[in-house]
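Novice: First the structure, then my questions, so here it is.
The values are calculated or read from the model by the stated rules, or taken from the named source; none is laboratory data. Values in this document were obtained by computation on a predicted structure and should not be read as measured data. Note that we place each Cβ from the backbone using ideal geometry, even for glycine, and neighbour counts take in every protein chain shown. Quick note on the areas: whole protein, heavy atoms, side chains included, nothing else; ligands and nucleic acids left out. Shrake-Rupley method; radii C 1.70, N 1.55, O 1.52, S 1.80 Å.
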Amino acid sequence: MYKIRRLLVWLRRWRYSRGFGVQSPWAYRFIRYVVNEHYPYYAYNDLLSSYAHLPKRILKLCRLYFRIANYWHPAICLDYGNGSEAYGTYMKNGFHALKMVKVKSPIDFSKVELMRLSLEGDYRDVFEKAVQVADSRSLVILERIKQNQETKTFWKSVELDPRCITTFDLYYCGIIFFDKKRYKENYIVNF
């Protein structure tokens, strides 16, 4: 079932492959060398031996999170919602100095460098708090943005929010940057 769904998503997004049509040099580099990097990183094989039993979609996200941590170099990653422990392990291997912090409510944090937020529970309150404390060095990953009509509507509101400067729609997740020095842009990426 995953292969069929993946093929349908790919066919709908084929024209957004590997940064085609992206005019911003920064966004192009991020899409090309972080989101859609196809070369194996140094820890992929070691990590795969521990997590070979995971579904392909989760492994694909794990590798993306590895590359994001390797690119962004955050000191702390806030983790909200259910998800595989593999996400944290991959992120820590992407940047060894990273500390994972489990978030249970919006009062659990006062700063965001990197956040993985699964769209479940009181995700709206947690996201609102993250946006309030976000600065130019903040990155938020929203998971399951296309899971149902509610999450699709929420993602659309995030794209329109003037505080969310650059958004990347990867279908399985969304990535948000808050650097106010950039122009507001929303990108669709074939991930």
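Novice: Which of the residues spanning the range 121-146 are open to solvent by less than 60 Å² (accessible area, probe 1.4 Å), touching a residue at least 40 places away in the same chain (Cβ under 8 Å) and not in a helix (DSSP H, G or I)?
Specialist: Result: A134, S138, L139, I141, E143.
Novice: Of the residues that make up the range 99-109, is at least one basic (K, R) and touching a Cys at 6+ places or on another chain (Cβ under 9 Å)?
Specialist: Kept after step one, since they are basic (K, R), are these residues of the range 99-109: 99, 102, 104.
Within this subset, residues satisfying the condition of being touching a Cys at 6+ places or on another chain (Cβ under 9 Å) are 99.
Yes: the range 99-109 contains one or more residues that are basic (K, R) and touching a Cys at 6+ places or on another chain (Cβ under 9 Å).
Novice: Separate question: Residues of the range 152-172 being open to solvent by 70 Å² or more (accessible area, probe 1.4 Å) and touching a helix residue (DSSP H, G or I) at 6+ places or on another chain (Cβ under 6 Å), which ones?
Specialist: Initially, the range 152-172 is screened for residues open to solvent by 70 Å² or more (accessible area, probe 1.4 Å), giving 152-153, 156, 160, 162-163.
Once the filter is applied, which keeps residues that are open to solvent by 70 Å² or more (accessible area, probe 1.4 Å) and touching a helix residue (DSSP H, G or I) at 6+ places or on another chain (Cβ under 6 Å), the range 152-172 yields only R163.
Novice: Of all the helices (runs of 4 or more DSSP H) wholly in the range 32-105, which have at least 1 residues that are surrounded by 13 or more Cβ atoms within 10 Å (Cβ to Cβ) and at pLDDT 95 or above? Before the answer, list the steps.
Specialist: On the way: elements: 44-51, 56-72, 85-94.
Here the list reads 56-72, 85-94.
Novice: Same structure, new question: Run Q149 past the list (1) open to solvent by 10 Å² or more (accessible area, probe 1.4 Å); (2) closer than 19 Å to F30 by Cβ and report the number of the one that doesn't hold.
Specialist: So the condition that Q149 fails would be (2).
Novice: Quick one: in the range 15-31, which of the residues that are within 20 Å of the chain's Cα centre (by Cα) and over 20 Å from K184 (Cα atoms) is modelled with the highest pLDDT?
Specialist: Of everything passing the filter in the range 15-31, S17 is modelled with the highest pLDDT.
Novice: Also, quick follow-up: Suppose the filter is open to solvent by less than 70 Å² (accessible area, probe 1.4 Å) and not basic (K, R); does Y183 pass it? Step through it out loud before you land on a result.
Specialist: Numbers: open to solvent by less than 70 Å² (accessible area, probe 1.4 Å): no; not basic (K, R): yes.
No; evaluated as a whole, the condition is false for this residue.
Novice: A27 versus (1) part of a helix (DSSP H, G or I); (2) free of Cβ contacts under 8 Å to residues at least 40 places away in the same chain; (3) surrounded by 15 or more Cβ atoms within 10 Å (Cβ to Cβ): which is the lone unmet condition?
Specialist: (2)
Novice: Restricting to the range 157-171, what's the tally of residues that are under 18 Å from Y71 (Cβ atoms) and part of a loop (DSSP other than H, G, I, E, B)?
Specialist: Number of matching residues: 2.
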